[in-house]
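Data first, discussion second: the structure below is written as structure tokens.
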């Protein structure tokens, strides 16, 4: 007969009528007074639940002082009882902690397995969606130009030709406005104001357009996938165009009277046409990222280009794809129409500017020499004089081309990748956006003004009326206004 706590033969054995365990009376009494329950089963236990076990009575000596050996033995016995209780409690708690830890580890392992399975299912779903979208917008492959079955109609070509003839006739009669900003005025420009309407998580502004009807209205597209129409006079966003899943790379603002149409191209491979308050029409002509948009001078058609090597021609009023043309180059980074509208320029990843004849949809000229991918042409701009074209790219160089003979008449470095080029309407000044923003006079190609203020780069530019001011879309989500 042994004590369930100490494992020794008890001197005063008692048995619990609830659990049936035998204890040393002194040990179980102290434990019940401290815990109020059975040390083995954890059941509620009271001193009244203990029954003395009768054994052969022993004659015990009378208590002696602590100074005697018997007294010391009693003291040591009490100390030993306390140690046994403490040791038993610690062992019990240790066992409970081990069980809890084991359960927590099993739960953690199960959670990790569930998370891994969900991540795998998510990745498989994304891959399946991407393959479905790619199949839906895939185009024929080939090293040379390939054209879809639908073509630009004779009626469309007639409209573009008529507009080109009108432009050609009126160009020699154009007079530079007397109140056009002078080089001296521009040299005194400074940062006058900024506004930040795009989301902070994706800050870069990639596209800018100033309304020709209401110059206070500015259209901007950013890395947050939104296109915003901002009223500078009221300092508020008039409308947000949302829907793109990835950054907006380019945007167009087309106005005719009170009618307003917004076109946006995005790295999500779609082009969206927003007309009035209606939901946008989504056009899927590209299998890769859409990198540029260009409005045909008639205002009735526009073009998109993408990294799949395609440029696509659209009917704006019908919001439909008319024709796609494949470039021999691997990827197109930008596109721009000549002021007459019968020539389209595209900048390629290989560093070449291709010039396309809209009548035949064929590449009729190339400017520049193909190089490494780092020389990609990211910006192209035409002057209103009709024979000057500027290009710039990742090599940090701006090149000015004479379209009459195909020669590069001027070249200079700006110290960082060229992200934006923009002529003013009179063709007297060229704006250059890179890590800094600068304006160059187009006669001698001399720099008249520069702002190197850190704005995480200048990615798009727009001259105001008569070159009185310049708007720049920055990498820090702001649109900056420079003027006197």
remark   = Length gained, residue 8-residue 120, 0.36 nm per residue minus C-alpha separation, equals 34.4 nm
task = For region 410-438 and region 299-364, compute the distance between their C-alpha centroids and round to whole Å.
result = 22 Å
remark   = Site residue 80, offset 7 angstrom along Cα→Cβ, radius 19 Å on amide nitrogen, limited to region 19-43, gives 23-31
query = How high is the FRET efficiency between residue 68 and residue 90 when r is their beta carbon distance and R₀ equals 41 Å, given to the nearest 0.05?
reply = 0.80
message = Tell me the angle of helix 154-170 to the major Cα principal axis of the chain, expressed in degrees between 0 and 90 and rounded to the nearest ten.
response = 60 degrees
ask   = Among 206-219, 382-395, how do they line up from the highest to the lowest mean number of other beta-carbon atoms within 10 Å?
value = 382-395, 206-219
task = Would you mind getting the Kirkwood hydrodynamic radius of region 279-429 from its Cα pairs, rounded to one decimal in Å?
result = 15.5 Å
Per-selection Rg to Rh, region 154-483 - Cα, Kirkwood hydrodynamic radius = 0.93
key: Euclidean distance of C-alpha centroids, region 71-115 and region 18-49, integer Å   = 18 Å
note = Per its Cα gyration tensor (rounded if a/c is under 1.5, else prolate when a/b beats b/c, else oblate), region 233-358 is best filed as prolate
query = So how much slack lies between residue 298 and residue 173, counting 0.36 nm per residue of separation and subtracting their Cα-Cα distance, in nm?
reply = 43.0 nm
message = Expected output is a single nm value to one decimal: the length gained when fully extending between residue 408 and residue 456, i.e. 0.36 nm times separation in residues minus the C-alpha distance. What is it?
response = 14.3 nm
key: Distance between modelled label sites at residue 129 and residue 98, nm, 7 Å Cα→Cβ extension   = 4.9 nm
request  = Compute the acute angle (0 to 90°) between the alpha-carbon long axis of helix 69-137 and the principal axis of greatest extent of the alpha-carbon atoms of the chain; round to the nearest 10°.
outcome  = 20 degrees
remark   = Asserting the computed 222 nm helical MRE of the chain (DSSP H runs at least 4 long, -39500 (n - 2.57) per run, divided by residue count, to nearest 500) equals -7500 deg cm²/dmol
ask   = Per 10 Å bin from zero, what fraction in whole % of the C-alpha pairs of region 219-297 is there, up to the bin with the longest pair?
value = 19, 53, 25, 3
ask   = Say each of residue 150 and residue 360 gets a label point 7 Å from the Cα, pointing the same way as Cα to Cβ; how far apart are those two points in nm?
value = 2.5 nm
note = Given a Förster distance of 56 Å, the FRET efficiency implied by the Cβ-Cβ spacing of residue 35 and residue 246, rounded to the nearest 0.05, works out to 0.30
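Values in this text are rule-based calculations from the coordinates and carry no lab data. Computed from a predicted structure; not experimentally measured. Every residue, glycine among them, receives a Cβ derived from its backbone with ideal geometry; neighbour counts consider all protein chains shown.
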